[in-house]
Amino acid sequence: MANPYSGEVEITIDGKPYALKLTLGALAGLEQSLAEGSLVDLVPRFEAGRFSARDILALLAAGLEGGGNSLSTEELAQADIAAGPLGAARVAAQLLARRFSLPRPDA
């Protein structure tokens, strides 16, 4: 089970739950894999709904790596993700939000 307080997000891939987390190493790998721009450019694309399937795949692969999972990007691309592409996009957006949001003082 994922721990949202440590920035983790859960996703179900091929019927198996995985905890995803964007560690510093996973973020560095993600930045290298982005087709254009940097992480700073990625966040506004997600906020504006202008992200690509490549962005989603790169984020999920980085989250899997950061969560200590051994599923490769190629395996992820062929996998059945719960809730389909929309669910994958939702998880990718949650990963970004949990990693780049400041804690609220009332939370």
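The values are calculated or read from the model by the stated rules, or taken from the named source; none is laboratory data. Note that this is a predicted model, so its numbers are computed, not measured. Reconstructed Cβ throughout: ideal geometry from the backbone, glycine too, with neighbour counts over all protein chains shown. In case anyone asks, the SASA skips ligands and DNA or RNA and just uses the protein heavy atoms, side chains included. Shrake-Rupley method; radii C 1.70, N 1.55, O 1.52, S 1.80 Å.
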Residue count, region 39-74 (criterion: open to solvent by 30 Å² or more (accessible area, probe 1.4 Å) and either under 19 Å from residue 101 (Cβ atoms) or in contact with an Asp or Glu (Cβ under 8 Å, 6 or more places away or on another chain) (or both)) | 9
Going through (1) in contact with a Leu (Cβ under 7 Å, 6 or more places away or on another chain); (2) more than 15 Å from residue 88 (Cα to Cα) one by one, residue 44 fails only at (1)
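Restricting attention to region 3-26, which residues are open to solvent by less than 20 Å² (accessible area, probe 1.4 Å) and out of contact with any Phe, Trp or Tyr (no Cβ under 8 Å at 6 or more places or on another chain)? Step through it out loud before you land on a result.
Going residue by residue through region 3-26, those that are open to solvent by less than 20 Å² (accessible area, probe 1.4 Å) are 7, 9, 11, 13, 20, 22, 26.
Across region 3-26, the qualifying residues are 7, 9, 13, 20, 22, 26.
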Hey, any hits in region 80-98 for a residue that's modelled with pLDDT of 90 or more, touching a Pro at 6+ places or on another chain (Cβ under 9 Å) and not in a loop (DSSP other than H, G, I, E, B)?
-> yes
